[in-house]
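The values are calculated or read from the model by the stated rules, or taken from the named source; none is laboratory data. Everything quoted here is computed from the prediction, not taken from an experiment. As a convention, Cβ positions derive from the backbone with ideal geometry for all residues, glycine included, and neighbour counts pool all protein chains shown. The accessibility values were calculated without ligands, DNA or RNA, using every heavy atom of the protein model including side chains. Shrake-Rupley method; radii C 1.70, N 1.55, O 1.52, S 1.80 Å.
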Amino acid sequence: MQLVHTIQDLRSALRPFNSPAFVPTMGNLHEGHLDLVRTAQPLGDVTVSSIFVNRLQFAPHEDFDTYPRTLQADCDRLEQAGCDIVFAPAEKELYPEPQGYKIQPPADLADILEGHFRPGFFIGVCTVVMKLFQCVFSEAKGPRHALFGKKDYQQQMVIRRMVQQFGMPVEIIAGETQRAADGLALSSRNGYLSEAERAEAVQLSLALRALARDALAATGAMPEQLEGLEARAMRALAMRGWQPDYLTVRRRADLQLPKAADALTPQSLVVLGAARLGRTRLIDNFEV
Ligand code: PAF
């Protein structure tokens, strides 16, 4: 496996290949990332991963400075998972000057849920993903794939739509969320949890599963009924000491609230949630 730090070295390393399969990450890798790397391998003739903590997608009060940087351990894991090239640029390499041009994703998809609670987050994500795609795919002549985890459900939808609207020749593949034995979704931020918080953390996924069950049981549920169920789910978590941002039932197609006319079938819905436990903000979701 080759580790490169500059765009020029990345392009040289990629020159002999036609079809990169790319897994962008911010490092501190877990089984969710490695699963994406393994899924990527048969999709192209070279498997590339990037490790870059992207300042642009963090608000000033968020954890950019403390986000774990674990390059050596990450490279060891990527090598074992079969990655061929790791691109780990310094900040000045990707942002040699302040990034004036940014990708503004559409409000209907990107200003709700995560985008509502983390304003500017998807601008930062789309901008860096566009830049990384330019670095990784510019020499490619064959099919290009990029893989994102479904744990960041809205993120993979926002990126999928960006690629579609810009007509980029990249196929977006979504990987299933990987979970710990108790059901907690794997996340780089789980490492922030204290022992007691770690034991409690699975309650977010349990609350989402219960919300999905309740929503489906309320057959023909009107949006107001769903809002009642969502409010109850948030209250239940709050009573356990969480600070929920949202627990909500949405249409899979566009992440909007189901309308009265929508048939509530499991295949059409996703439940999504975000909540803070102590100083750690966790997100999770289930396709119902
Ligand atoms: O999901 C992540 O780790 C990041 O948002 C991504 C896609 C690597 C962009 O920085």
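Placing +1 on each Lys and Arg Cβ and -1 on each Asp and Glu Cβ, with no other charges, gives the chain a dipole about its Cα centre of roughly 300 debye. Secondary structure note: in the chain, about 45% of the DSSP beta bridges are antiparallel. Between the amide H of V288 and those of L269, V270, V271, distances stay under 5 Å, these residues lying 5 or more places away or on another chain, with hydrogens modeled in the peptide plane. Residue ranges 18-24, 279-285, 77-83 sort as 18-24, 279-285, 77-83 when ordered by packing (mean number of other C-beta atoms within 10 Å per residue, highest first).
At 0.36 nm per residue, and after removing the present C-alpha to C-alpha distance, how many nm does the segment from E195 to Q164 gain when stretched out fully? Provide the component values of the computation, followed by the final result.
Numbers: separation 31, 0.36 × 31 = 11.16 nm, distance 4.26 nm.
Value of the extension gain: 6.9 nm.
Springs join every pair of Cα atoms under 10 Å in this Gaussian network model of the chain, and among E224, E200, E114 the largest mean-square fluctuation is at E224. In plain terms, the chain from H5 to K141 could stretch by 46.7 nm, reckoned as 0.36 nm per residue minus the Cα-Cα distance. Placing a label point 7 Å from the Cα of S19 along the Cα-to-Cβ line, the residues of the range 116-150 whose backbone N sits under 17 Å from it are 137-147. With a cut-off of 12 Å between beta carbons, the residues surrounding M1 carry a summed charge of -3, where Lys and Arg count +1 and Asp and Glu -1. Peptide packing for 249-259, 61-71 was compared via the average number of neighbouring C-beta atoms within 10 Å per residue; ordered from the highest value, the list is 249-259, 61-71.
Projecting label points 7 angstrom from Cα along Cα→Cβ for R240 and R279 puts them 2.3 nm apart. Taking the 1.4 Å solvent-accessible surface of the chain as the whole, the part contributed by carbon and sulfur is 52%.
Shown in residue order for the range 179-193 are the 3J(HN,Hα) couplings computed by the Karplus curve 6.51 cos²θ - 1.76 cosθ + 1.60 at θ = phi - 60°: 10, 6, 4, 7, x, 5, 5, 5, 8, 4, 7, 4, x, 6, 6 Hz (x for Gly and Pro).
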